[in-house]
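All remarks here apply to the structure that follows.
The values are calculated or read from the model by the stated rules, or taken from the named source; none is laboratory data. For clarity, every value in this text was computed on a predicted model and none was experimentally measured. Glycine also receives a Cβ, built like all others from the backbone with ideal geometry; neighbour counts cover every protein chain displayed.
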Ligand SMILES: Nc1ncnc2c1ncn2[C@@H]1O[C@H](COP(=O)(O)OP(=O)(O)OP(=O)(O)O)[C@@H](O)[C@H]1O
Ligand SMILES: [Mg+2]
């Protein structure tokens, strides 16, 4: 993938993106663009362009001007990237005031993944991008941690591309979602670093040696299924090469000494009673409307409609994956129908991208991806916590989930571990901590509680324990860990 400020070009896929959105520039313009890119900033003469793009045909120069004008518009206009050398030809080079590197190559084998990940532009997240930029200056390994579908990968790729661009170094993105086991992990990484080749019997030393002293931005994406093996490798890489920047996304941290954890929270959802302009500016609302628009659905932008969209965002706790799936559903049900149906269909919303990984095709699949990685005790505690309609304290969780087989300390360990694995959200209020479940996690856990035949028993315990408190109003978003929880789902708890 070749990046030029807001424009990215994949020569392999013959695709052009501006701000992450696909652009259609026509075959001839693309051929000219390819010549300019391959010249790596060098002059491409008019003659050469005419002979290559229109072989065996005599055309007037005006044809060339038309296509150059299309490219010029795309690449920032008169003072943008397309530079004219009067009477001679053209070159693709940064605008005079732009000191950024013209081309950042991802390792070729990963180019397609990077294209696919960034086909939508990132909405909002300005604060997060600024915070990450600061972290990258200081840290060798930053792990973006958060619940499934919260936007870790998208944010990491955006931040990593900006970092690679500003440092003028290569970016290597490796999607590890389907990689389990040490052998497969090391083999996948070595192949990605080399761009191709044989990758049998690879040891972590081979990967470290391959990186050597190279200046690189490495993005290890979707790593929750290989945290143990990756943790060890990241330590070894950090010890051998201080010029490398490692960016990891995972639902659970690696827990190594050189790691800096960055928690990614869902998008902010609007307050009830927000004004029309506040609603329109809200990131969650913008993601929903952008996706609905991409599906061919348009809503009037009046206050009444925006409030309904805001309700949808609230019901999905501002989770971008949920917003995308809900937007797809709105194409057939309309916004009103979607809202009416959401309590019933939240976990099974579908119809997002056909190319999405199976774990991202429904919210149920997304939660299940994490649930499958839990031990038996963690599963038991999580499903019992589903009876809390809102935020709760640690003591309340222990009181509710403790039983003969699972003592107080064991439950406490499970709560801590569930929070670490992003299945529980942690809210800071002064020196105290509170916990809550995203609605999709709560609904999923409640289904599991029923399947385990524990619903009546746990619900009764919740109702009959005066010591069990819930904090019905969650703290506002005062820290990356805190977020606003929508009104409890209308799950039939009792
Ligand atoms: N700020 C945003 N603006 C626009 N789209 C977003 C934003 N954040 C996330 N998305 C979209 O939401 C979907 C889920 O995001 P992403 O894949 O980054 O989540 P994730 O946290 O990495 O999930 P997982 O844990 O399953 O890997 C993607 O299609 C992504 O493009
Ligand atoms: Mg991801």
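Below, the figures for the structure above:
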item: Neighbours by Cβ (under 8 Å, 6+ apart or cross-chain): first from the stretch 177-195, outside the structural domain of residue 210 (by TED's automatic domain parsing) and touching a residue at least 24 places away in the same chain (Cβ under 8 Å); second assigned to a loop (DSSP other than H, G, I, E, B) and away from ligand 1 (no atom under 16 Å from the Cβ); result: none
item: Residue list for the stretch 426-456, restricted to those being assigned to a loop (DSSP other than H, G, I, E, B), touching a residue at least 24 places away in the same chain (Cβ under 8 Å) and more than 27 Å from the chain's Cα centre (by Cα); result: 452, 454
item: Residue among 268, 243, 281 that is at pLDDT below 95 and either assigned by TED's automatic domain parsing to the domain that holds residue 305 or touching a strand residue (DSSP E or B) at 6+ places or on another chain (Cβ under 6 Å) (or both); result: 281
item: Residue in the stretch 164-187 that is nearest to ligand 1 (Cβ to nearest atom), counting only those that are surrounded by 21 or more Cβ atoms within 10 Å (Cβ to Cβ) and not in a loop (DSSP other than H, G, I, E, B); result: 175
item: Failed condition for residue 400, given (1) under 18 Å from residue 319 (Cα atoms); (2) part of a helix (DSSP H, G or I); result: (1)
item: Scope the stretch 407-425; condition buried (at least 18 other Cβ atoms within 10 Å of the Cβ) and not in a helix (DSSP H, G or I); matching residues; result: 421, 422, 423, 424, 425
item: Some residue of the stretch 228-236 being in contact (Cβ under 8 Å) with a residue 24 or more places away in the chain, under 20 Å from the mean Cα position of the chain (by Cα), surrounded by 18 or more Cβ atoms within 10 Å (Cβ to Cβ) and within 12 Å of ligand 1 (Cβ to nearest atom); result: no
item: Residue match in the stretch 148-156 (condition: on the phi > 0 side of the Ramachandran plot, within 16 Å of ligand 2 (Cβ to nearest atom) and either outside any strand (DSSP E or B) or crowded, with 21+ Cβ neighbours inside 10 Å (or both)); result: yes
item: Any helices (runs of 4 or more DSSP H) falling wholly within the stretch 282-375 and containing at least 1 residues that are in contact with a helix residue (DSSP H, G or I) (Cβ under 6 Å, 6 or more places away or on another chain) and within 12 Å of residue 440 (Cβ to Cβ); result: 303-315, 320-345, 363-371
item: Residue ID - farthest from residue 123 (Cα to Cα), chosen from residues in the stretch 24-45 that are touching a residue at least 40 places away in the same chain (Cβ under 8 Å) and surrounded by fewer than 16 Cβ atoms within 10 Å (Cβ to Cβ); result: 45
item: Test for residue 339: is it away from ligand 2 (no atom under 16 Å from the Cβ), surrounded by fewer than 18 Cβ atoms within 10 Å (Cβ to Cβ) and outside the structural domain of residue 224 (by TED's automatic domain parsing); result: yes
item: Residue 207 vs. criteria under 30 Å from residue 427 (Cα atoms), more than 16 Å from ligand 1 (Cβ to nearest atom) and over 14 Å from the mean Cα position of the chain (by Cα); result: no
item: Answer from 218, 193 - the residue that is outside any helix (DSSP H, G or I) and either within 16 Å of ligand 1 (Cβ to nearest atom) or over 30 Å from residue 24 (Cβ atoms) (or both); result: 218
